[in-house]
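The values are calculated or read from the model by the stated rules, or taken from the named source; none is laboratory data. Just so we're clear, the structure is a prediction, and the values are computed from it rather than from any experiment. All Cβ positions, even for glycine, are placed from backbone atoms using ideal geometry, and neighbour counts span all protein chains on display.
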Amino acid sequence: MRLRTLVASLVSLALLGGAAQAAPLLTVSGFLNDAGNANLVGSGPAPDPPLFGNDFDIANNVAVYALAVAAPATVTFDSNGFAAGGVDPYFTLFQGSVPATATFLASNFVQAFSTGGDFLISLALAGGDYFVAIGAFANESFAENSGGGTLSDGFIGLGQPGLLGTYFYALEVTSDAVPPPPPLPEPSSLLLLVLGLAAVARARRLRDVVRKDSRP
């Protein structure tokens, strides 16, 4: 009975160890007024350095991050910096592997110009490379504003200083795609050993029973 319980426990551990664990595609946070933030760019055509002279400068800084989507999936962009007292965000998504060719794909335009604040957006995306840009309302990209262009064309420079809050932004990007399960962890070897021992023990019990029945 103890052996069966041990085997059952090990099977459960092995299955749990091999289960796929979903993880965020990208989790970022920072401050638009942080000169040490390597992801900040200015609103002008690239390359344009961020500025920190006053809140008018800072309101036109944009944080840009690369995002890789391995396979087609529904990808969710969840902003939570505003709730923490930070920037009223303007979010833009570009498709492409380099800023010079990354084209506008989506933004939080409707929400930003209606309710404002943090956003939660889910998009069906193809596998590939993207860029995420986070700035202050209402600093759109030229590519979105004009209906064409790339990330390298910059932004319109209409960020609002009064909506910077603590200058903080935060974004989590997740996917509904389930990654393949990892290789079975080490406990599987122990499980095989226990199963082998169980088989040996069973064979010995059967042998003893046969011997006992065969005695005169």
- Query: Which of (1) out of contact with any Leu (no Cβ under 8 Å at 6 or more places or on another chain); (2) buried (at least 21 other Cβ atoms within 10 Å of the Cβ); (3) of a type in the set (S, T, Y); (4) more than 16 Å from L32 (Cβ to Cβ) is the odd one out, the single condition S97 does not satisfy?
  - Reply: (2)
- Please work out which one of (1) at pLDDT 95 or above; (2) part of a helix (DSSP H, G or I) is the condition A199 fails and give its number. (1)
- In this structure, does N60 turn out to be within 27 Å of T166 (Cβ to Cβ) and either crowded, with 18+ Cβ neighbours inside 10 Å or more than 19 Å from the chain's Cα centre (by Cα) (or both)? yes
- Message: Can you find a residue that is modelled with pLDDT of 95 or more, touching a helix residue (DSSP H, G or I) at 6+ places or on another chain (Cβ under 7 Å) and of a type in the set (A, V, I, L, M) anywhere in region 152-162?
- Response: yes
- Query: Residue check, V178 against (1) of a type outside the set (D, E, K, R); (2) part of a loop (DSSP other than H, G, I, E, B); (3) at pLDDT 70 or above, all met but one. Which one?
  - Reply: (3)
- Quickly run through region 80-111 and pick out the residues that are assigned to a helix (DSSP H, G or I) and under 17 Å from F168 (Cα atoms). F82, A83, A84
- Task: May I ask you to list pairs of residues, at least six apart or on different chains, whose Cβ atoms are under 7 Å apart, with the first in region 111-138 being free of Cβ contacts under 8 Å to residues at least 24 places away in the same chain and the second being outside any strand (DSSP E or B)?
- Result: Q111/F119
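Name the residue, out of G127, G85, that is farther than 17 Å from Y65 by Cβ, more than 15 Å from the chain's Cα centre (by Cα) and surrounded by fewer than 19 Cβ atoms within 10 Å (Cβ to Cβ). Give the steps one after another, and end with the answer.
On the way: G127 fails: more than 15 Å from the chain's Cα centre (by Cα).
Only one candidate passes the filter, namely G85.
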